Amino acid sequence: MASQERRLRSGVVMLGSVGLLAAALVSCSSGGPDKRCVDPTTYKKLNDRDCHDGGPGRYYYGGSVKNGKVSGGGFDKSAVKRGGFGGGSGGGKGGEGGHGSGGS
């Protein structure tokens, strides 16, 4: 009985460890900066569907959302530095200096 209980416990530990490792890998392997649909005039976060098929929104990369508004990123994906594990987010404003104008 003790042997079965010990095997069960080690199985739970193994599954928990594998889940933790998988979560860490997913969070580290992001393909780029966060992408959000935003109203380019007000910087308010919109639903993703508003950035499709000529909708009013544009994709905003990086930065953060506070009180429904984005800041600290930019509309140009290539200008925004990636954060995350080992990404070296410097805490300053990336991309176009916050509320940059961004083309297209």
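Nothing in this text is a laboratory measurement; each read-out follows from the coordinates by a stated rule. This is a predicted model, so every value here is computed, not measured. Cβ atoms come from the backbone with ideal geometry, glycine included; neighbour counts cover every protein chain shown.
Stretched out straight at 0.36 nm per residue, the stretch from N67 to T42 would grow longer than its current Cα-Cα span by 7.8 nm. Other residues with beta-carbon under 13 Å from the beta-carbon of N67 carry, at +1 per Lys or Arg and -1 per Asp or Glu, a net charge of +4.
Rounded to the nearest whole Hz, the Karplus-based 3J(HN,Hα) values (6.51 cos²θ - 1.76 cosθ + 1.60, θ = phi - 60°) of the range 47-61 follow the sequence 5, 4, 5, 6, 9, 10, 6, x, x, x, x, 10, 6, 10, 10, with x at glycine and proline.
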